[in-house]
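Okay, structure first, notes after.
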Amino acid sequence: MTEPADCLLLGRWRIVEADLWERDHLDLVEPATMTIQADGHGEIAFGVLQAGLDLEYGRSMVFFTWAGCEEMDEVTGSGSAELLDDGSIEIEFAYHLGDDTVLKAQRATSSTAC
C-alpha cells in the first residue's frame, strides 16, 4: 500500500450509476457521493444509506470496510474503488451477508454562487 498522499482517488466523487438500482434511487435522499480522505476515513451516501469508510490506499485504488445506517438499520460491509482510464472510478460495494453492487462515480466539481 502507498501513503494516502500518493493516492489518486482522494476527494469527492459523484456516484452516477449502479448495476442494481436506477439513478432515482441513488439520489433518493441527497446526491449520491463518495468521499475519500487522506486520514484513513471517508463517507459514502446513496439511496437511504449513509456510511463511514475505513480506508487502505493504493496509488489508483482504495480498499475499505464500511459501517452505517440504512432505513434505521445498522449495516456493514466492504469494498474497493479503482480509477479507470476515463478518469471515473468503479466502486465494488458489498453488504455483509447481503447484496453486492458495482457503482460508477465521477470526480465531483464544485461551483460557488457569486
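The values are calculated or read from the model by the stated rules, or taken from the named source; none is laboratory data. Small disclaimer: the values here were computed from a predicted structure and weren't measured. With ideal geometry, Cβ positions are generated from the backbone for all residues, glycine too; neighbour counts draw on all protein chains shown. The accessibility values were calculated without ligands, DNA or RNA, using every heavy atom of the protein model including side chains. Shrake-Rupley method; radii C 1.70, N 1.55, O 1.52, S 1.80 Å.
Quick notes
- Total charge dipole magnitude, the chain, about the Cα centre, Cβ charges on Lys, Arg, Asp, Glu only, Debye to nearest 20: 460 debye
- In this structure, the amide hydrogen of Leu55, modeled 1.01 Å from its nitrogen in the peptide plane, lies closer than 5 angstrom to those of His41, counting only residues at least 5 positions away or on a different chain.
- Mean projected area of the convex hull spanned by the Cα atoms of the chain, taken over all viewing directions: 7.9 nm².
- Inverse of mean 1/r across different Cα pairs in segment 1-64, Kirkwood, Å: 12.3 Å
- Share of carbon and sulfur in the accessible heavy-atom surface of segment 1-65 [1.4 Å probe, %]: 49 percent
- Relative contact order [Cα under 8 Å, 6+ residues apart], the chain, whole percent: 24 percent
- Rolling a 1.4 angstrom probe over the protein heavy atoms with all chains in place gives segment 38-104 an accessible area of 54 Å² per residue.
- Cα-based shape type of segment 63-114, given that a ≥ b ≥ c are square roots of the gyration tensor eigenvalues and the cut on a/c is 1.5: oblate
- Calculated SAXS-style log₁₀ I(q)/I(0) at q = 0.20, 0.21, 0.23, 0.25 Å⁻¹ - segment 25-91, Debye, Cα scatterers: -0.82, -0.89, -1.02, -1.14
- Exposure rank, largest accessible area first [Ser78, Ser88; 1.4 Å]: Ser78, Ser88
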